[in-house]
1. Among the helices (runs of 4 or more DSSP H) lying completely within the stretch 1-90, list those that include at least 3 residues that are touching an Asp or Glu at 6+ places or on another chain (Cβ under 8 Å).
2. Tell me the residue from LEU44, LEU57, LEU38 that is in contact (Cβ under 8 Å) with a residue 40 or more places away in the chain and of a type in the set (A, V, I, L, M, F, W, C), please.
3. Go through the stretch 21-31 and report how many residues are buried (at least 21 other Cβ atoms within 10 Å of the Cβ) and more than 13 Å from the ligand (Cβ to nearest atom).
4. Please state which one of ARG27, ARG37 is under 17 Å from LEU177 (Cα atoms) and out of contact with any helix residue (DSSP H, G or I) (no Cβ under 7 Å at 6 or more places or on another chain).
5. Among the candidates ARG164, ARG155, single out the residue that is touching a Pro at 6+ places or on another chain (Cβ under 8 Å) and farther than 22 Å from GLY11 by Cα.
6. Here are some residues: VAL168, VAL131, VAL216, VAL207. Which one is within 12 Å of the ligand (Cβ to nearest atom) and modelled with pLDDT of 95 or more?
7. Any idea which of (1) out of contact with any strand residue (DSSP E or B) (no Cβ under 9 Å at 6 or more places or on another chain); (2) surrounded by fewer than 16 Cβ atoms within 10 Å (Cβ to Cβ); (3) within 24 Å of VAL163 (Cα to Cα); (4) touching a residue at least 40 places away in the same chain (Cβ under 8 Å) is the one ALA143 doesn't satisfy?
8. If I go through the stretch 41-64 residue by residue, how many of them are farther than 20 Å from ARG27 by Cβ, more than 10 Å from the ligand (Cβ to nearest atom) and either aromatic (Phe, Trp, Tyr) or surrounded by 18 or more Cβ atoms within 10 Å (Cβ to Cβ) (or both)?
Amino acid sequence: MTTSMVTGATGGIGSAVVRALAGRGDRVIALGRDPGRLAGSAALPGVTARAVDLRDLAALPATLDGVTGLDALVHCAGTAPVAAVADSPAALWEEVLAVNLVAAAELTRLALPALRARRGHAVFVNAAPGVHGVPGWSAYTAAKAGLRELADALRAEEAGNGVRVTSVYPAGTATELLRRTRAAFGRDYDPDACIRPETVAAAIRDVLSLPPDAQVGEVTLHPGP
Ligand SMILES: NC(=O)c1ccc[n+]([C@@H]2O[C@H](COP(=O)([O-])OP(=O)(O)OC[C@H]3O[C@@H](n4cnc5c(N)ncnc54)[C@H](OP(=O)(O)O)[C@@H]3O)[C@@H](O)[C@H]2O)c1
């Protein structure tokens with residue numbers, strides 16, 4: 001049976017990915033830090049929930065207990081606080097880099113034997129296309145730039161092991177993260193004008209469903225016309 005692991009499974013995009021992969025019959029391990037909110041995912045057929053705070057690197061190995069083969073590891077967890085550099089203490093940088101980048105690197109490292117065993121696929125949900133040098137968002141954009149470098153290096157390193165790697169760049173997607181971010185930037189938030197999380201999840205599911213003779217390096221999702 002196809003086995004997939006999804007981080008950020010209590011979030012807008014992550015929970016949609018869990019539903020999409022469970023819907024195609026995967027056995028899904030859903031990672032989130034709030035056991036109560038994870039319970040919704042765990043109620044789906046084939047889904048097992050494991051609670052973990054991604055800032056706690058020592059807790060990451062336990063998320064892979066009993067997992068010897070992994071077909072997909074989908075990194076959806078993220079945090080995106082809005083603060084100017086002048087108002088960003090080291091603790092903010094540490095949290096944003098920990099959740100968006102360091103935990104993704106460490107979980108991938110720990111999962112590599114299981115991914116190699118299945119010639120599996122790592123997917124990194126990155127940032128909106130073209131987001132660079134945004135005033136008030138330096139920690140987030142720095143973390144996502146690092147995530148792109150992580151994905152690109154990993155793709156080259158693991159090609160010989162049959163592991164595929166995809167970065168996904170979704171534009172504004174109707175989730176709590178976007179609502180909060182738009183509010184912090186003083187911008188309007190109309191969920192109906194945004195991409196739906198289910199559509200991002202469908203793109204990820206479709207990338208994961210391709211036969212192994214090709215890999216999609218990057219997916220960029222813009223709002224429909
Ligand atoms: N929404 C957009 O417009 C958009 C656009 C481009 C890229 N993205 C990216 O898409 C990904 C998913 O975002 P989303 O929009 O679905 O946001 P979301 O609904 O806020 O989900 C974020 C997820 O990350 C989890 N998370 C945060 N800190 C964590 C921690 N310390 N330990 C474990 N889990 C933690 C959250 O858990 P809690 O619920 O416990 O906080 C939640 O499950 C993020 O990487 C984001 O950068 C989003």
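1. Values: elements: 12-23, 35-42, 60-63.
Those helices (runs of 4 or more DSSP H) span 12-23.
2. Numbers: LEU44 fails: in contact (Cβ under 8 Å) with a residue 40 or more places away in the chain; LEU38 fails: in contact (Cβ under 8 Å) with a residue 40 or more places away in the chain.
Residue meeting the stated conditions: LEU57.
3. Within the stretch 21-31, the subset buried (at least 21 other Cβ atoms within 10 Å of the Cβ) is 21, 26, 28-31.
When the remaining residues are screened for being more than 13 Å from the ligand (Cβ to nearest atom), the result is 21, 26, 28-29.
Residues meeting the conditions: 4.
4. Of the residues listed, the single one that is under 17 Å from LEU177 (Cα atoms) and out of contact with any helix residue (DSSP H, G or I) (no Cβ under 7 Å at 6 or more places or on another chain) is ARG37.
5. Being touching a Pro at 6+ places or on another chain (Cβ under 8 Å) and farther than 22 Å from GLY11 by Cα holds for just one of ARG164, ARG155, which is ARG164.
6. Values: VAL131 fails: modelled with pLDDT of 95 or more; VAL216 fails: within 12 Å of the ligand (Cβ to nearest atom); VAL207 fails: within 12 Å of the ligand (Cβ to nearest atom).
Among VAL168, VAL131, VAL216, VAL207, only VAL168 is within 12 Å of the ligand (Cβ to nearest atom) and modelled with pLDDT of 95 or more.
7. (2)
8. Within the stretch 41-64, the first condition is being farther than 20 Å from ARG27 by Cβ, and the residues that meet it are 53-59.
Next, from what is left, pick out any that are more than 10 Å from the ligand (Cβ to nearest atom): 57-58.
Among the residues that remain, those that are also either aromatic (Phe, Trp, Tyr) or surrounded by 18 or more Cβ atoms within 10 Å (Cβ to Cβ) (or both) are: none.
The total comes to 0.
The values are calculated or read from the model by the stated rules, or taken from the named source; none is laboratory data. None of the values given here were measured: they were computed from a predicted structure. Cβ coordinates were reconstructed from backbone atoms using ideal geometry, including for glycine residues, and neighbour counts include every protein chain displayed.
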